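S.K.: This is the structure, below, for whatever I ask next.
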Amino acid sequence: MTVCEYRAGLEGVPVTQSSISFVDGQRGVLEYRGISIEELAEKSTFLETAYLLIWGELPTAEELAAFEHEIRYHRRLKYRVRDMMECFPESGHPMDALQACAAALGLFYSRRALDDPAYIRAAVVRLLAKIPTMVAAFQLIRKGNDPVKPRDDLEYAANFLYMLNEREPDPFAARVFDICLTLHAEHTINASTFSAMVTASTLTDPYGVVASAVGTLAGPLHGGANEEVILMLQEIGSVENVRPFVEDRLARKDKIMGFGHRVYKVKDPRATILQNLAEQLFDKFGRDEYYDIAIELENVMQEKVGHKGICANVDFYSGLVYRKLGIPVDLFTPVFAISRTAGWLAHWKEQLNENRIFRPTQIYTGVHSVPYTPINER
């Protein structure tokens, strides 16, 4: 029998071939379908980027207009989904609510017609359109309010902020949020994408695939990290406390949230873009009280562990941007899910072309030939 090499967390083990995105962690490069994330953030929109990821090429003006029209048309939720949300406990985490709602969509729309291009497109449209509505609706429902209906005259990002805050957002704020969605849309085979691929490999419906990925994204080592960053900055409290905080954490070998990445050994290119967006927001709407703490924290971390390739990642500045946009801390990860749905669906669609169910092996470390002990002898 061949003995396989064991690598904890499958680190560095290829599990698929993909043309969707590319990361060079040594140089700080991220590309979607060969286009740099910097260029997409500057020139594209989230829905155009989603189209690029899922269908493999930038849409024509006519294709993009048709796609955007479909998304607008399908933003509303079935009333039974809203009724279901009203039964959720107010103290429940929004990620748990989102996972339940994403799975529930399959009850209404699933035919598992995975060989039908029309079904695939309809599933893509419904998930991209309805996930933001679900996140905003649960936020208002848990506060005892009725959800705000989507507005067909608003673009994707602006509509979400409108549904969430019950007022039309400043155009610059909406553009910043749209860029944030683009930055988080895809990142090769991370934990939630792998979860989506494993679920998809059974040929279940795409609603179950996205629900599976949402559950994986919820953990603090993945999508939940940006929530933890804000809590950490609150704990530090002042610029003067940064250095002793870092030194204490490093001495105890505790993780400092927002730093380090499985792939990047330099500053995450998305963090650089987000930091710039944060500064633009602060110039227009006022400085965040935790930003100076964050800057000092990054400086001290660069001094202490930067030489080890432990640098600021995408989660470090995203929470500060979301705070300024009026997004509650425990909605940071659901917002991540809104964006990453595009990447999950891109991998789901790509995998359908040459699917094989995932069935990894293990290295057994237990014993053999153990006799059964009757219950009265134990």
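The values are calculated or read from the model by the stated rules, or taken from the named source; none is laboratory data. Small disclaimer: the values here were computed from a predicted structure and weren't measured. Using ideal geometry, Cβ is built from the backbone for each residue, glycine included, and neighbour counts are taken over all protein chains shown. To get the accessible areas, we keep the full protein, side chains included, count just its heavy atoms, and leave off ligands, DNA and RNA. Shrake-Rupley method; radii C 1.70, N 1.55, O 1.52, S 1.80 Å.
S.K.: Rounded, prolate or oblate, given the Cα gyration tensor of the range 134-287, with a/c below 1.5 counting as rounded?
M.R.: Working: a/c = 1.79, a/b = 1.16, b/c = 1.54.
Oblate shape, in that a/c is at least 1.5 and b/c is the bigger or equal ratio.
S.K.: Rounded, prolate or oblate for the chain? Axes are the square roots of the Cα gyration tensor eigenvalues, ordered a ≥ b ≥ c, and the cut-off for rounded is a/c under 1.5. It would help to have the intermediate numbers written out before the result.
M.R.: On the way: a/c = 1.38, a/b = 1.04, b/c = 1.33.
Judged from the Cα gyration tensor, the chain comes out rounded (a/c under 1.5).
S.K.: Relative contact order for the chain: what percent, with Cα pairs under 8 Å and sequence separation of 6 or more? Display every interim value, and only then the final one.
M.R.: Working: 497 pairs, mean separation 88.4, N = 378.
Value for the chain: 23 percent.
S.K.: On to the next question. How about K78: which lysines have a C-alpha closer than 21 Å to its C-alpha, ignoring those fewer than 8 places off in the same chain?
M.R.: Within reach: K130, K143, K149.
S.K.: With a point put 7 Å past each Cα toward its Cβ, work out how far N376 is from Y73 in nm, to one decimal.
M.R.: It is 7.3 nm.
S.K.: By how many nm would the segment from R287 to A8 grow when fully extended, if each residue of separation counts as 0.36 nm and the alpha-carbon distance is taken off?
M.R.: Values: separation 279, 0.36 × 279 = 100.44 nm, distance 4.18 nm.
Result: 96.3 nm gained on full extension.
S.K.: Find, among the GluC sites (Glu not before Pro) in the range 67-160, those assigned to loop by DSSP (not H, G, I, E, B) with at most 13 other beta-carbon atoms within 10 angstrom.
M.R.: Details: sites: E68, E70, E86, E90, E155; in loops: E90, E155.
Listed in order of number, the matching sites are E90.
S.K.: Keeping all protein chains in place and using 1.4 angstrom, which order do Y79, Y119 fall into by accessible surface area, from largest down? Numbers along the way, then the final one.
M.R.: Values: Y79 130, Y119 10 Å².
Putting Y79, Y119 in descending order of accessible area: Y79, Y119.
S.K.: Using a/c under 1.5 as the rounded threshold, could you call the range 278-370 rounded, prolate or oblate? The axes a ≥ b ≥ c are square roots of the C-alpha gyration tensor eigenvalues, and prolate needs a/b larger than b/c, oblate otherwise.
M.R.: On the way: a/c = 2.89, a/b = 1.64, b/c = 1.76.
Verdict is oblate for the range 278-370.
S.K.: Would you mind getting me the FRET efficiency between C87 and R151? Use the beta-carbon distance for r and R0 = 25 Å, nearest 0.05.
M.R.: Values: r = 27 Å, r/R0 = 1.07.
After rounding, the FRET efficiency stands at 0.40.
S.K.: Between Q362 and K143, what is the FRET efficiency for a Förster distance of 41 Å, r being their Cβ-Cβ separation, to the nearest 0.05? List each step's numbers first, then the result.
M.R.: On the way: r = 46 Å, r/R0 = 1.12.
So the FRET efficiency works out to roughly 0.35.
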